[in-house]
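**Q** Structure in structure tokens, see below.
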């Protein structure tokens, strides 16, 4: 089973971005995402951002994680 996690982009440098969810920050390769901007959400799988995701949808999914005791933002 594979899991893609919605994460917020905090910083971008070249093909790499710092992304965050639930207070956990990671680096993700963003070479497949065009016109990515700080503050947007992406789905991260295996260290790669694989697509942008609507902020409302990302926040809803992150909220569901919290309902199951998984890490969430704030």
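**Q** Output the residue which, of all residues in the stretch 52-64 that are without any contact (Cβ under 8 Å) to a residue 40 or more places away in the chain and outside any helix (DSSP H, G or I), is nearest to residue 10 (Cα to Cα).
**A** 52
**Q** Taking residue 4 as meeting all but one of (1) under 12 Å from the mean Cα position of the chain (by Cα); (2) at pLDDT 90 or above, write down the number of the exception.
**A** (2)
**Q** Turning to a different aspect of this structure: When you go through (1) touching a residue at least 12 places away in the same chain (Cβ under 8 Å); (2) at negative phi; (3) surrounded by 12 or more Cβ atoms within 10 Å (Cβ to Cβ) one by one for residue 2, which number turns out not to apply?
**A** With (1) touching a residue at least 12 places away in the same chain (Cβ under 8 Å); (2) at negative phi; (3) surrounded by 12 or more Cβ atoms within 10 Å (Cβ to Cβ) applied to residue 2, the lone miss is (3).
**Q** Let me ask you something else. Can you tell me which residue within the stretch 22-46, out of those that are at positive phi and modelled with pLDDT of 95 or more, is surrounded by the most Cβ atoms within 10 Å (Cβ to Cβ)? Talk me through it step by step, then tell me what you get.
**A** The initial filter retains those residues of the stretch 22-46 that are at positive phi, namely 22-23, 35, 39, 46.
Those still in the list that are modelled with pLDDT of 95 or more too: 35, 39.
Working: 35: 6, 39: 9.
Step by step, filter the stretch 22-46, then rank; the result is 39.
**Q** Outside any helix (DSSP H, G or I) and in contact (Cβ under 8 Å) with a residue 12 or more places away in the chain: does that describe residue 18? Step through it out loud before you land on a result.
**A** Values: outside any helix (DSSP H, G or I): yes; in contact (Cβ under 8 Å) with a residue 12 or more places away in the chain: no.
So residue 18 fails the test.
The values are calculated or read from the model by the stated rules, or taken from the named source; none is laboratory data. All values reported here derive from a predicted model rather than from experimental measurement. As a convention, Cβ positions derive from the backbone with ideal geometry for all residues, glycine included, and neighbour counts pool all protein chains shown.
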